[in-house]
Amino acid sequence: MSNEKEHVGVQASEFPESYLTTIGYIPDPYHVVVEHPEEKKTAAGLVIPEHIVARQSNDLKVMAVGQDSYPLYKPGDTVKVHPNAEATVIIIGERKYAQIQRSYILGKYTS
């Protein structure tokens with residue numbers, strides 16, 4: 001049984017924190033935190049500059065979701081973000097992330 005079906009009728013506040021975040025930060029209920037485009041790396045570990053990434057792809061990995069965004073989006077999902085999306089850059093540890101409104105997500109990949 002998938003998580004969506006398992007959680008039908010469950011209040012968002014009842015979800016364990018581990019369902020909402022992989023980075024120790026839970027955004028506002030209608031926001032999603034995705035990897036920052038600047039943090040894209042090659043298989044060899046080289047960082048790809050942000051302006052090149054922006055032209056290549058707006059497919060980003062979800063790192064944390066607000067309570068009202070789960071189970072529609074979950075940490076680990078890959079989503080397509082609108083290319084003109086406004087984001088708040090947040091720094092946790094030494095990593096940058098982008099916090100966006102859920103409405104800027106155009107869709108998610110199923111596999």
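The values are calculated or read from the model by the stated rules, or taken from the named source; none is laboratory data. Since we're looking at a predicted model, the values are computed, not measured. A quick note on method: Cβ atoms are made from the backbone with ideal geometry, for glycine too, and the neighbour counts reach across all protein chains shown.
When V53 is tested against the conditions (1) modelled with pLDDT of 90 or more; (2) outside any loop (DSSP other than H, G, I, E, B); (3) aliphatic (A, V, I, L, M); (4) over 19 Å from S111 (Cα atoms), the lone failure is (1). Only a single criterion out of (1) of a type in the set (G, A, S); (2) modelled with pLDDT of 90 or more; (3) not in a strand (DSSP E or B) is not satisfied by A98, namely (3).
Of the residues that make up region 4-22, is at least one touching a Lys or Arg at 6+ places or on another chain (Cβ under 6 Å) and at pLDDT below 75?
no
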